[in-house]
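The values are calculated or read from the model by the stated rules, or taken from the named source; none is laboratory data. If you're wondering where the values come from, they're calculated on a predicted model, not measured in any experiment. All Cβ positions, glycine included, derive from the backbone under ideal geometry; neighbour counts span all protein chains shown.
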Amino acid sequence: MIQLDRTDKKILQLMQNNARISNLELADSVGLSPTPCSRRVKRLEESGLIDKHVTLLKPSALGLNLTAMIGISMDRHTPERFDYVEKAVTALPEVLECLIVTGQSADFLLKVVVRDMQHYEQLLLGHITRLEGVTGVHSSFVLREVLKRTALPLG
């Protein structure tokens, strides 16, 4: 694990809040000149701490008005079965997140975004329930998003 000083943490916090911040603005905000600031960012990227830079889109602006959490139960807990399901769900563009979980009746937890209930039904019946080894599916629908963070705590 890379050692982070106060300046590194400040750089990361600013970049998490705005990935498009210019190096000049970033350097000014953390009290560095542009070249050392750029070197620090490059070091953080090369260390693997910065995974990627993204642009977050507003789902409703694209007509994606329904978000669901789908729990998937499997018939067998074998590496081959899990690999198969992982590959299948990651190929579905509606799936935003895929987690293997424990402590629930589900083995996988998916976060999906779709246009409406008809689109959800097509995804569920046309793809997810057809996956080999899926024995059960439990869906919950998001009524309202109270909090959505993408920034990790840097303590």
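So here's what we get for this one:
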quantity	calculated
Criterion: loosely packed, with under 13 Cβ neighbours inside 10 Å, under 17 Å from the mean Cα position of the chain (by Cα) and modelled with pLDDT under 95 - qualifying residue of 53, 77	53
Hits in the stretch 75-97 - residues which are closer than 24 Å to residue 61 by Cβ and not β-branched (Val, Ile, Thr)	92, 93, 94, 96, 97
